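Presented below is the structure to which this report refers.
The values are calculated or read from the model by the stated rules, or taken from the named source; none is laboratory data. Not measured: the values here are computed from a predicted model. Glycine gets a Cβ as well: all are built from the backbone with ideal geometry, and neighbour counts include every protein chain shown. Please note that ligands, DNA and RNA were not included when accessible areas were found on the heavy atoms of the full protein model with its side chains. Shrake-Rupley method; radii C 1.70, N 1.55, O 1.52, S 1.80 Å.
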Amino acid sequence: MARRATVLLLAVALLGVATAEIKLQSVERKINLASQFARITETLKVKNNGDLAVDRATVCHAKQTTGSVAFQKVTQVLASKYKLKISPVTLAGAPAEAVCWEVVLKEPVAAGQATTLELFTVYSGVQTAYPAQVSQGEQQLMLFIDNLYVLSPYQVSTQTTEVQLPNARVESYTNDEKPVAKAESKIKYGKYDLIKPWTLKPLRVHFENDKAFKEVVTCVREIEVSHWGNIYVEESYELKNGGANHTGAFSRLKYAHTYNGKGNSFQDLKARLPPSAHSLYYVDLIGNISTSTVRKTTAETSLDFKTRYPLQGGWKVDFKIGYSVNLKGFLGVLKGGKRRLSMDFNSPLEGVLVKDLIVRIVLPEGAKDITAALPYAGIERTSDIKYTYLDVAGRPVIVLHMTDVVPEHSAPVHIDYNFAAFSVLREPLMLITAFAAMFLMAIVYNHMDFTIAKTDKWQASQEADKLATTMQEANQAMEAQDAVLDALAKLVSSVHGPEDAEAISKDKTLLESNFTVQENKVKALVSSLASAAPKAGERVSALQDRLRALQLRYIKLLVDRCDLVRKGATGSEASKKLSPISVGLQEGRTELAAAVEGFFAPY
């Protein structure tokens, strides 16, 4: 196996000033290998022995054959810690393996003074499985190679190095550079005094790492914004066990009955989602996977789930998780009316390395003047268009791409855009217009005649429909006249004295007018039936004549009652005297109603 230089090389130098004027008074290196990553924290106390203030620094590390620097942060410790800006730089006299960055200090270091710098770096892929293959249940061993000393162009007064391991099992480690001591899961080197510039001394640790190497080969996160109140998130994963490859047979029975001896395999995953997350799902190509549990707190929504099968070393699995969150807390309005969307950039899966992360942020159709504030320099941005239901021009998509994403990449992405308030009504208006047009077309269609040849049968059908319509209208007019007769009967009963006889004149005139209007309708319909159905017209005319006769009799009854009460008869005396006439009229109405119903029933 090729020797891999994974060292973090730190140097602090004043550009344009001789290197002898800078000295590292103390260096503390802490290498944490308790997971699949190598997290290295280095604290340097830098003294300026020159005559001029130092306002720049240089940070270096060695080129590596495998693995890479996934995350790096440099801070200057003053009253508090300040993150410093870095940019690539080339140092004269540096080894060919060195890769350096220039750091701009928050506060310059005056001549004769000192400052403290902290560099935190996360490496991915620097722990190599050794051996490369293990059988089921066998623990994996990892090999880590680094430089024991800080590789610096300056003399280092004192240095210590501490290596934190996952557990106490260590196959071998570099122990020929005294002093060195191992205690449980820690190996301590130093302190070492007066280290020369660019000193190289390999640090090699061969140890057991029982942690899961959860490696997401590809992750595509699609975040779709709807101004109707929701943000829809769907994440597609291709997950791999990045540890030592599995060799030999796999026994499901042995796996199920083995406690704490499953080797480097894993099945459990955890996703930390926003506290407002709802409508969660977890599926793969086969369908829904039920091995999941959701717990809600005020701080987060925790999704604990298992893969469909345990992942041995080198095995892969594909799945999707999805959820929705409310707009509140994620979408706001800036001064000037611009909208700001703030969403986490990284995957919510806990403790995973994402080799290839794609974040697709789908904005609503009509969004414009789009700007993005990206938290890391390594993020590539492109644009796309997505078409969904009722889209015309498509929805703008911001596509963000980054490789080697580690849990430390946890900053949010901010997307600013303009979106007219009326635009949210565009789709409902389109639906309303579409349905209105559909109903209008149906109405027009029903009123159009598509008959090619008008046969006798068709003519007869048309005449029958027309006759039925005429008969229904005549029936309605006669029912209206019967209602007038009923009102006349009630008007007759309401006359009890001379004052009533005088008061009903207006009501009597109105009822007579209403009856005449309906009678004229019937006569017009009878005229239209003269040629099409003369017999039916004669029957309708006869029924109308009977209605008119009844109406005239009711008018006469009303006049007679008024005359009686004017001559001094009481209401009860008038009713008794006119009772035979009233009974006869009611019997006549009953007979006429039966005749009308019997005649018009077929229509």
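Things to note:
- Annotation note: of T258, T218, T160, the sole residue that is of a type in the set (S, T, N, Q), out of contact with any Pro (no Cβ under 9 Å at 6 or more places or on another chain), under 29 Å from K306 (Cα atoms) and assigned to a strand (DSSP E or B) is T218.
- Some residue of the range 165-188 being part of a strand (DSSP E or B), in contact (Cβ under 8 Å) with a residue 60 or more places away in the chain and open to solvent by less than 40 Å² (accessible area, probe 1.4 Å): no
- Flag for Y237 being of a type in the set (F, W, Y), in contact with a Phe, Trp or Tyr (Cβ under 7 Å, 6 or more places away or on another chain), closer than 28 Å to P412 by Cα and surrounded by 15 or more Cβ atoms within 10 Å (Cβ to Cβ): yes
- The set of residues in the range 359-384 being of a type outside the set (G, A, S), free of Cβ contacts under 8 Å to residues at least 24 places away in the same chain and under 21 Å from A70 (Cβ atoms) consists of E380, R381.
- The number of residues in the range 47-80 being crowded, with 19+ Cβ neighbours inside 10 Å, at pLDDT 85 or above and over 19 Å from V104 (Cα atoms) comes to 1.
- Candidate set: the range 79-98, residues that are of a type in the set (S, T, N, Q) and in a loop (DSSP other than H, G, I, E, B); chosen: the one nearest to K196 (Cα to Cα): T90
- Criterion applied to E479, E473 was being open to solvent by 80 Å² or more (accessible area, probe 1.4 Å), in a helix (DSSP H, G or I) and closer than 30 Å to S579 by Cα, and the one residue passing it is E479.
- Residue satisfying all of: in the range 275-331; assigned to a strand (DSSP E or B), of a type in the set (S, T, N, Q) and open to solvent by 40 Å² or more (accessible area, probe 1.4 Å); modelled with the lowest pLDDT among these: N288
- Taken together, R539, R561 contain a single residue that is closer than 20 Å to L488 by Cβ and among the charged types (D, E, K, R), which is R561.
- Strands (runs of 3 or more DSSP E) enclosed by the range 22-70 - at least 3 residues per element that are free of Cβ contacts under 8 Å to residues at least 40 places away in the same chain and more than 38 Å from the chain's Cα centre (by Cα): none
- Close pairs (9 angstrom Cβ cut-off, 6 or more residues apart or separate chains): in contact (Cβ under 8 Å) with a residue 40 or more places away in the chain in the range 268-279, surrounded by fewer than 14 Cβ atoms within 10 Å (Cβ to Cβ) and in a strand (DSSP E or B) anywhere: A277/K296
- Any hit, the range 513-521, residues being surrounded by 12 or more Cβ atoms within 10 Å (Cβ to Cβ) and closer than 30 Å to S461 by Cβ: yes
- Of all residues in the range 352-369 being in contact with a Ser or Thr (Cβ under 8 Å, 6 or more places away or on another chain) and at pLDDT below 95, the one that is surrounded by the fewest Cβ atoms within 10 Å (Cβ to Cβ): G366
- Members of the range 332-351 that are in a strand (DSSP E or B) and either of a type in the set (S, T, Y) or open to solvent by less than 40 Å² (accessible area, probe 1.4 Å) (or both): G332, L341, S342, M343, L349
- Selection status of K270, basic (K, R), in a strand (DSSP E or B), in contact with a strand residue (DSSP E or B) (Cβ under 6 Å, 6 or more places away or on another chain) and closer than 21 Å to N346 by Cβ: yes
- Residue within the range 154-161 that is touching a residue at least 24 places away in the same chain (Cβ under 8 Å), among the aromatic types (F, W, Y), over 16 Å from Y130 (Cβ atoms) and buried (at least 22 other Cβ atoms within 10 Å of the Cβ) present: yes
- Residue within the range 552-571 that is closer than 14 Å to R589 by Cα, assigned to a helix (DSSP H, G or I) and of a type outside the set (A, V, I, L, M) present: yes
- Taken together, K535, K506, K577, K567 contain a single residue that is closer than 30 Å to Q462 by Cβ and open to solvent by 70 Å² or more (accessible area, probe 1.4 Å), which is K535.
- Enumeration of residues in the range 138-158 that are under 16 Å from K201 (Cα atoms) and at pLDDT 95 or above: T158
- Against the criterion of being within 16 Å of M478 (Cβ to Cβ), in contact (Cβ under 8 Å) with a residue 12 or more places away in the chain and charged (D, E, K, R), E519 qualifies.
- Index of the failed condition, A271 passing every other in (1) under 18 Å from N241 (Cα atoms); (2) open to solvent by 60 Å² or more (accessible area, probe 1.4 Å); (3) not aromatic (F, W, Y): (2)
- One residue stands out in the range 84-134 among those that are among the hydroxyl-bearing types (S, T, Y) and either closer than 30 Å to G351 by Cα or modelled with pLDDT of 90 or more (or both): the one that is most open to solvent (accessible area, probe 1.4 Å), namely Y130.
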